[in-house]
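Novice: Could you have a look at this structure, given as structure tokens, before my questions?
The values are calculated or read from the model by the stated rules, or taken from the named source; none is laboratory data. On a predicted model such as this, the values are computed, not experimentally measured, just so you know. Ideal geometry is used to build each Cβ from the backbone, glycine not excepted, and the neighbour counts take in all protein chains shown.
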Amino acid sequence: MQPIVSAQDYLKSKIDEYKYGVISAEEFCLAMKDIGEYPIAIMDRLTKRIVNDMIPEICKSYSDAEESDPDRDLRFWIGLKDCTYLMDRGCTFTEEREEYYRTGKGRLEPVEYTDRYLAIEPEMERLVRAETGEGGWTGFCHTYWAEKKKVLKEHFGIDWKSIDDRFPGLLID
């Protein structure tokens, strides 16, 4: 028997599996289609909205799009990012992105709001994690940021600044 997990934990784990290349978009959508078969604890209203409304729409949009559609994967990834942001921050990534474009203020390094960055983000994460591992140790963020900066520049030609670069002297661990 599978252990009972929260719906958010299950959803986040599946999004991470997609982001790190463990499962494909099609496999993610199939797992979400079968979510009712898993022993998942009762969902709160937000999680119900994500599981019952957002995820089906994201998966339908993906499956309905032509494989040759250059924005198909980008829309799928932004949709998953919206779900993660809503669970973690109370707003979608799209809302935060729109706020950044309207005001110039955002939590992320500005390049992270661009379609160019978002289109390669899952692949970049896979390359970075292949070098750094999963982390979880004190100081890992610095190792992760250094590798992310390197991968973005060398593989994708994107200049990216870490929190250390943007806020010198700020102690983060």
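Novice: Of all the residues that make up region 72-96, how many are over 18 Å from Lys60 (Cβ atoms) and among the basic types (Lys, Arg)?
Specialist: Initial filter on region 72-96 (over 18 Å from Lys60 (Cβ atoms)): 84-91, 93, 95-96.
With the extra rule that they be among the basic types (Lys, Arg), the set shrinks to 89.
Total meeting the criteria: 1.
Novice: State which residue is surrounded by the fewest Cβ atoms within 10 Å (Cβ to Cβ) when the search covers only region 106-136 and only residues that are part of a loop (DSSP other than H, G, I, E, B) and among the small types (Gly, Ala, Ser). I'd like the intermediate steps shown before the answer.
Specialist: Within region 106-136, the first condition is being part of a loop (DSSP other than H, G, I, E, B), and the residues that meet it are 106-109, 114, 133-136.
Then drop every residue that is not among the small types (Gly, Ala, Ser), which leaves 106, 133, 135-136.
Details: Gly106: 14, Gly133: 12, Gly135: 12, Gly136: 6.
Checking each candidate, the answer is Gly136.
Novice: Can you list the helices (runs of 4 or more DSSP H) lying wholly within region 18-105 that have 2 or more residues being touching a residue at least 24 places away in the same chain (Cβ under 8 Å), within 23 Å of Arg129 (Cα to Cα) and touching a helix residue (DSSP H, G or I) at 6+ places or on another chain (Cβ under 7 Å)? I'd like the intermediate steps shown before the answer.
Specialist: Working: elements: 25-33, 45-49, 55-64, 72-89, 93-103.
In region 18-105, 25-33, 72-89 are the helices (runs of 4 or more DSSP H) which contain 2 or more residues that are touching a residue at least 24 places away in the same chain (Cβ under 8 Å), within 23 Å of Arg129 (Cα to Cα) and touching a helix residue (DSSP H, G or I) at 6+ places or on another chain (Cβ under 7 Å).
Novice: Determine whether region 91-105 contains at least one residue that is closer than 20 Å to Ile23 by Cβ and surrounded by fewer than 16 Cβ atoms within 10 Å (Cβ to Cβ).
Specialist: Within region 91-105, the first condition is being closer than 20 Å to Ile23 by Cβ, and the residues that meet it are none.
No: region 91-105 contains no residue that is closer than 20 Å to Ile23 by Cβ and surrounded by fewer than 16 Cβ atoms within 10 Å (Cβ to Cβ).
Novice: Looking at Gly157, Gly139, which is the one that is at pLDDT below 90 and either loosely packed, with under 11 Cβ neighbours inside 10 Å or not assigned by TED's automatic domain parsing to the domain that holds Asp82 (or both)?
Specialist: Gly139
Novice: For the structure I just gave you, tell me whether Glu154 is free of Cβ contacts under 8 Å to residues at least 24 places away in the same chain and farther than 24 Å from Leu80 by Cα. Full working, then the answer.
Specialist: On the way: free of Cβ contacts under 8 Å to residues at least 24 places away in the same chain: yes; farther than 24 Å from Leu80 by Cα: yes.
Criteria met by Glu154.
Novice: Related question: Looking at region 142-153, which of its residues are within 15 Å of Val111 (Cβ to Cβ) and either of a type in the set (Ser, Thr, Tyr) or exposed (fewer than 14 other Cβ atoms within 10 Å of the Cβ) (or both)?
Specialist: Lys153
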